[in-house]
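Here's the structure we're looking at; comments come further down.
The values are calculated or read from the model by the stated rules, or taken from the named source; none is laboratory data. Keep in mind the model is a prediction, meaning the values are calculated, not measured. Methodologically, a virtual Cβ is constructed for each residue, glycine included, from the backbone with ideal geometry; neighbour enumeration extends over all protein chains shown.
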Amino acid sequence: MKNTDTDNLNIAFFGTPEVAVYVLEGLEKGGILPSLIITAPDKP
């Protein structure tokens, strides 16, 4: 069974800052935004 109702998704994203921006942009283009986003802070 495939769920195509993206309005009811409740997801969290965990990723490194280097990769996160590309993944999150792709999700946004698909109309999917995580409820929670966790990444490591930028290193000085």
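Couple of notes before you dig in:
- Answer residue from region 7-44, given it is of a type in the set (Val, Ile, Thr) and free of Cβ contacts under 8 Å to residues at least 24 places away in the same chain and is surrounded by the fewest Cβ atoms within 10 Å (Cβ to Cβ) among those: Val19
Here's the yes/no breakdown for (1) among the hydrophobic types (A, V, I, L, M, F, W, C); (2) at pLDDT 90 or above; (3) outside any loop (DSSP other than H, G, I, E, B):
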{"residue": "Lys2", "(1), (2), (3)": "no, no, no"}
{"residue": "Phe13", "(1), (2), (3)": "yes, yes, yes"}
{"residue": "Tyr22", "(1), (2), (3)": "no, yes, yes"}
{"residue": "Leu27", "(1), (2), (3)": "yes, yes, yes"}
{"residue": "Leu33", "(1), (2), (3)": "yes, no, no"}
{"residue": "Ile37", "(1), (2), (3)": "yes, yes, yes"}
{"residue": "Ala40", "(1), (2), (3)": "yes, no, no"}
{"residue": "Pro44", "(1), (2), (3)": "no, no, no"}
